[in-house]
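The values are calculated or read from the model by the stated rules, or taken from the named source; none is laboratory data. Everything numeric in this text was worked out from a predicted model, so none of it was measured. We place every Cβ from the backbone using ideal geometry, glycine too, and count neighbours over all the protein chains shown. What goes into the accessible areas is simple: the full protein's heavy atoms, side chains included, and nothing from ligands, DNA or RNA. Shrake-Rupley method; radii C 1.70, N 1.55, O 1.52, S 1.80 Å.
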Amino acid sequence: MTRSEIDAFFTSLPSNALYALCDQALLDSHALDLEPYVEACRQLDVSLIQYRNKAAETDVVKAALERLRGLWDGMLIINDRWQLHALCDGVHVGQDDLLGIGADAAAAVQSLRREVGSNCVIGLSTHNATEIATANTLGIDYIGLGAFRATGTKTDAAVLGEDLDTLASASVHPVAAIGGVGFEDRFAHARMRVMGSAIIAEAQRWK
């Protein structure tokens, strides 16, 4: 995608857009393949898919990402493995992952941007007002903010609850609410709702 297309994508997102978190460990635990997962995303009118695989070697993640790209022609984000950015539309990194790239957040984002180029989406996880304030100064495209509720996959994340939407209002970047978000949840300031388990449940129908 070009920079203008990226900007247009985020500008045109519908309110409370669905952002699917395609976690390989979660897929495996439900014996679910990528095809029914992507079909569920189509049926649910998902706007973005992020692929996450924390455990596998890079070549395994690469093969899965290539397969996912063949199934899904919408916005596709890779979690952490920024070296695979050419296979998708963007990368999403956490706070610790970012500081593993550079000495501080600004230096890290500058370094990451040099690696992935200007036409690559960069998303950053945030958890509190301080991290949002720092993110406001960075050349990124959106932030993930959470956790909204406690989840089994992020047991160490502080639960923000209804404070999440208040915090989201301070972000200059589009916000994706993450952590136990359900289809019934609505946000005034978070533009996107990140869902993992909820979409897995829907995907079971397409196995």
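Yes/no per residue for (1) at negative phi; (2) touching a Ser or Thr at 6+ places or on another chain (Cβ under 8 Å); (3) small (Gly, Ala, Ser):
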{"position": "111", "(1), (2), (3)": "yes, no, yes"}
{"position": "115", "(1), (2), (3)": "yes, no, no"}
{"position": "119", "(1), (2), (3)": "yes, yes, no"}
{"position": "122", "(1), (2), (3)": "yes, no, no"}
{"position": "129", "(1), (2), (3)": "yes, no, yes"}
{"position": "141", "(1), (2), (3)": "yes, no, no"}
{"position": "165", "(1), (2), (3)": "yes, no, no"}
{"position": "170", "(1), (2), (3)": "yes, no, yes"}
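Of all residues in the stretch 122-150, those being of a type in the set (Asp, Glu) and within 27 Å of residue 1 (Cα to Cα) number 1.
Just one residue in the set 87, 68, 124 is at pLDDT 95 or above and within 30 Å of residue 162 (Cα to Cα); that residue is 124.
Cβ-Cβ contacts under 7 Å between residues 6 or more apart (or on different chains), taken from a first residue in the stretch 113-131 that is free of Cβ contacts under 8 Å to residues at least 24 places away in the same chain to a second residue that is buried (at least 17 other Cβ atoms within 10 Å of the Cβ), are absent. For beta carbons closer than 7 Å, sequence separation of 6+ or different chains, a first residue in the stretch 62-84 that is touching a residue at least 60 places away in the same chain (Cβ under 8 Å) and a second that is part of a helix (DSSP H, G or I), the qualifying pairs are 75/9.
Contact map, the stretch 20-47: residues that are at pLDDT 95 or above paired with residues that are among the aromatic types (Phe, Trp, Tyr) and open to solvent by 40 Å² or more (accessible area, probe 1.4 Å), Cβ distance under 6 Å, separation 6+ or inter-chain. Pairs shown: 36/206; 39/206; 40/206.
Return a yes/no flag: does the stretch 154-175 have any residue that is open to solvent by 40 Å² or more (accessible area, probe 1.4 Å) and within 15 Å of residue 22 (Cβ to Cβ). Talk me through it step by step, then tell me what you get.
Initial filter on the stretch 154-175 (open to solvent by 40 Å² or more (accessible area, probe 1.4 Å)): 154-156, 158-159, 162-163, 166, 169-170, 172.
From what's left, within 15 Å of residue 22 (Cβ to Cβ): none.
No: zero hits.
For residue 3, the conditions (1) at pLDDT below 95; (2) at positive phi are fulfilled apart from (2).
If you check residue 164 against the conditions, is it within 21 Å of residue 75 (Cα to Cα), modelled with pLDDT of 95 or more and under 17 Å from the mean Cα position of the chain (by Cα)? Taking the combined requirement at face value, the residue does not satisfy it. Of the candidates 91, 109, the single residue that is within 18 Å of residue 140 (Cβ to Cβ) and in contact with a Phe, Trp or Tyr (Cβ under 7 Å, 6 or more places away or on another chain) is 91. Residues in the stretch 1-57 that are open to solvent by 70 Å² or more (accessible area, probe 1.4 Å) and among the polar types (S, T, N, Q): 4, 11, 12, 15, 29, 43.
A quick yes/no check of all residues on (1) of a type in the set (Phe, Trp, Tyr); (2) open to solvent by less than 10 Å² (accessible area, probe 1.4 Å); (3) in a strand (DSSP E or B):
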{"position": "65", "(1), (2), (3)": "no, yes, no"}
{"position": "73", "(1), (2), (3)": "no, no, no"}
{"position": "78", "(1), (2), (3)": "no, yes, yes"}
{"position": "101", "(1), (2), (3)": "no, no, no"}
{"position": "119", "(1), (2), (3)": "no, no, no"}
{"position": "123", "(1), (2), (3)": "no, yes, yes"}
{"position": "130", "(1), (2), (3)": "no, no, no"}
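Against the condition under 29 Å from residue 2 (Cβ atoms), touching a helix residue (DSSP H, G or I) at 6+ places or on another chain (Cβ under 8 Å) and in a helix (DSSP H, G or I), how does residue 110 come out, does it pass?
On the way: under 29 Å from residue 2 (Cβ atoms): yes; touching a helix residue (DSSP H, G or I) at 6+ places or on another chain (Cβ under 8 Å): no; in a helix (DSSP H, G or I): yes.
Criteria not met by residue 110.
Candidates are the residues of the stretch 188-204 that are open to solvent by 20 Å² or more (accessible area, probe 1.4 Å) and of a type in the set (A, V, I, L, M, F, W, C); the one that is nearest to residue 128 (Cα to Cα) is 188. Can you pull out the residues in the stretch 1-44 that are within 16 Å of residue 181 (Cβ to Cβ) and assigned to a loop (DSSP other than H, G, I, E, B)? Result: 13, 14, 15, 16, 44.
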